[in-house]
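*Asks:* Input: one structure, supplied below.
The values are calculated or read from the model by the stated rules, or taken from the named source; none is laboratory data. Note that the structure is predicted; figures quoted are calculated from it, not measured. Don't worry about glycine lacking a Cβ; one is built from the backbone with ideal geometry, like all the others, and counts go over all protein chains shown. We work out accessible area using only protein heavy atoms, side chains counted, and drop any ligands, DNA or RNA first. Shrake-Rupley method; radii C 1.70, N 1.55, O 1.52, S 1.80 Å.
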Amino acid sequence: MTDQKKDASNAMWGGRFAAGPDAIMEAINASIGYDQRFARQDIEGSRAHAAMLGAKGIITGNDADAIREGLLTVLSEIEGGNFEFSAALEDIHMNVEARLREVIGEPAGRLHTGRSRNDQVALDFRLWVRDQVDAAIDGIRALQNALLAQAEAGADWVMPGFTHLQTAQPVTWGHHMLAYVEMLGRDVSRFTDARTRMNESPLGAAALAGTSFDIDRHMTAEALGFDRPSANSLDAVSDRDFVLDFLNAASICAMHLSRLSEELVIWSSAQFRFVTLSDRFSTGSSIMPQKKNPDAAELIRAKIGRIYGANTALMIVMKGLPLAYSKDMQEDKEQTFDAADSLMLALAAMTGMVADMTANTPQLEKAAASGFSTATDLADWLVRTLDMPFREAHHVTGALVKLAEDKGCDLPDLSLADMTGVHAKITRDVFDVLGVHNSVASRTSYGGTAPDNVRAQVALWKEKLA
């Protein structure tokens, strides 16, 4: 470590230690390698704090103005790539303050009046996570719009609906797309709820007990877009629930993206051929020229591990900490940064894939008609038309499915004679319910797959997202 860096480090520690930390301590203690991502939030918070100190007469108006203008200079250097970060100064807070002193001189030393690095980092992180929540909501809404476009185009397209990955009943393509719109809508609500809870300012809680200076925490909270200042200084500096809220919402959202990715991987396979993914989101094989791999979907599917891992890691960091601040909490950031980056990349990639993918409608319809997918429609017809108890109708339908299996055909291919051989009261009208288009058109109950339902839900969601 150079003498200059030792001097800077000693100054930061306030003379308590005779020598600066050695290289190992510097490496484990410094966070500037990653928390420089807080630069904008750190400077935003400091400018609000300086304005409040000046307004309350704790520092002079001239000093407050000099600090606020100097901080803008520091921010422009950072954003312009002209700022030299120092590990000896540990973190973004001290790097900014040290450069501010070089820019404006002695008034820079007054900025830290009435606050601590404990409430400062809590503020910066909260501001940063709040920004990530807003970005995630925007990303989710873009994906919902892409899914809505697919749903509207395919309101009438039939495809198989699955349970246990076995053909169950016909559904519409639009209905399937809307299922993910609904999931993502819940993700938006989770992020929105998290944002509401986190929107309290810790600034002014100081180290853990508040401050004796006559600060105005409501003023800084309002300036920074918070609903209110946090009510307990101990909780304010030691709380990381807002990060866990974000990571939990991100984990569930990533899980939804992973489920859709899995379907795209299956649907784009040669065995299914339900969709064609664009070349923009596929890759080839180094040895098999016929291959078109859904790599983007597979990578999105894997992102859940990183995001969920970040959530678990922070839970473990926090689970044994006494109040208030412990240095363990420095380990709250890197995984969160990675999780936020992973989520935003996954949302952007999925939005692109969904917007570009092409449904193979003939193959979808062929698959929809396979596997006796209209058996439930037959059972329902027996109940409605012949006033048969459902359990008896289920038994009769099962016998007809067995007959079709033995004949090597599907239910609509059975003759009326075949059907009356199983139950004498069956009439020719039964064939009206056995086609896949008739099946989906009949599912008009609220939330059902009927094309008219799909169009109505698309219209509702368009209005919501507008």
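*Asks:* Ordered by residue, what ³J(HN,Hα) values in Hz, to whole numbers, does the stretch 169-174 give under the Karplus form 6.51 cos²θ - 1.76 cosθ + 1.60, where θ = phi - 60° and Gly and Pro are x?
*Replies:* Along the stretch 169-174, the couplings run 9, x, 9, 9, 4, x Hz.
*Asks:* Distance in nm between label sites at ASP356 and GLU182, each 7 Å beyond Cα in the beta-carbon direction?
*Replies:* 3.0 nm
*Asks:* Per residue, how much accessible area does the stretch 369-465 have with a 1.4 Å probe, in Å²?
*Replies:* 55 Å²
*Asks:* Then there is this: I need two numbers for the stretch 108-190: Rg to one decimal and Dmax as a whole number, Cα atoms only, in Å.
*Replies:* In Å, with Rg to one decimal and Dmax whole: 22.2, 71.
*Asks:* Continuing with this model, one more query. Would you list, by chain and number, the lysines whose Cα falls below 27 Å from the Cα of LYS292, excluding same-chain residues fewer than 8 positions away?
*Replies:* LYS303, LYS366
*Asks:* Then there's this: State in Å² the accessible area per residue of the stretch 102-150; use a 1.4 Å probe, count heavy atoms of protein chains only, and round to the nearest integer. If you can, show how the numbers build up before the last one.
*Replies:* Values: 1440 Å² over 49 residues.
Counting only protein heavy atoms, the per-residue value for the stretch 102-150 is 29 Å².
*Asks:* While we're here: Treat every Asp and Glu Cβ in the stretch 369-465 as -1 and every Lys and Arg Cβ as +1, leave all other atoms uncharged, and give the resulting dipole magnitude about the Cα centre to the nearest 20 debye.
*Replies:* It works out to roughly 340 debye.
*Asks:* With every atom except the alpha carbons ignored, what do you get for Rg and Dmax of the chain, in angstroms?
*Replies:* Reported Rg and Dmax, both Å: 30.8, 101.
*Asks:* Taking just the C-alpha trace of the stretch 369-465, give me its Rg and Dmax in Å.
*Replies:* Every Cα atom of the stretch 369-465 included, Rg and Dmax give 15.9, 54 Å.
*Asks:* Something else: Can you tell me the dipole magnitude for the chain around its Cα centre, using point charges on the Cβ only (Lys, Arg +1; Asp, Glu -1), in Debye to the nearest 20?
*Replies:* Charge dipole of the chain: 620 debye, to the nearest 20.
*Asks:* Ok, one more. Name the long-range amide H neighbours of VAL171: under 5 Å, sequence gap of 5 or more, or other chain; modelled H, no Pro or chain starts.
*Replies:* MET159, GLY161
*Asks:* Given a 1.4 Å probe, how much area per residue of the stretch 231-337 is accessible, in Å²?
*Replies:* Roughly 49 Å² per residue, with all protein chains present.
*Asks:* For the chain, which whole-number percentage of the solvent-accessible area (1.4 Å probe, protein heavy atoms only) is attributable to carbon and sulfur atoms?
*Replies:* 52 percent
*Asks:* Tell me the net charge near GLY45. Cut-off is 11 Å between Cβ atoms, GLY45 excluded, with +1 for each Lys or Arg and -1 for each Asp or Glu. Before the final figure, lay out each step's value.
*Replies:* On the way: positive: ARG40, ARG47, ARG115, ARG126; negative: ASP42, GLU44, ASP119, ASP124.
Local net charge: 0.
*Asks:* A follow-up question, please. Under a plain spin-label model, where a point goes 7 Å from the Cα along Cα-to-Cβ, how far apart in nm are ALA153 and ASP418?
*Replies:* Placing both labels 7 Å along Cα→Cβ, they lie 3.7 nm apart.
*Asks:* Let me spell out the model: positive unit charges on the Cβ of Lys and Arg, negative unit charges on the Cβ of Asp and Glu, origin at the Cα centre of the stretch 129-366. What dipole size does that give, in debye rounded to 20?
*Replies:* On the way: 21 positive and 30 negative charges, 149 e Å.
With only Lys, Arg, Asp and Glu charged at Cβ, the dipole is about 720 debye.
*Asks:* If you line up the Cα atoms of the stretch 23-110 on their principal axes, what length do they span on each, largest first, in Å?
*Replies:* Rounded to whole Å, the extents work out to 42, 26, 21 Å.
*Asks:* Right, another one. Taking amide H positions as placed 1.01 Å from N in the peptide plane, with prolines and chain starts having none, which residues 5 or more places from VAL275, or on another chain, fall under 5 Å of its amide H?
*Replies:* Sorted by chain and number, the residues that satisfy this are SER268, ASN360.
*Asks:* Something else about it: Taking R0 as 30 Å, what's the FRET efficiency between SER326 and THR192 from their Cβ-Cβ distance, rounded to 0.05?
*Replies:* About 0.45, to the nearest 0.05.
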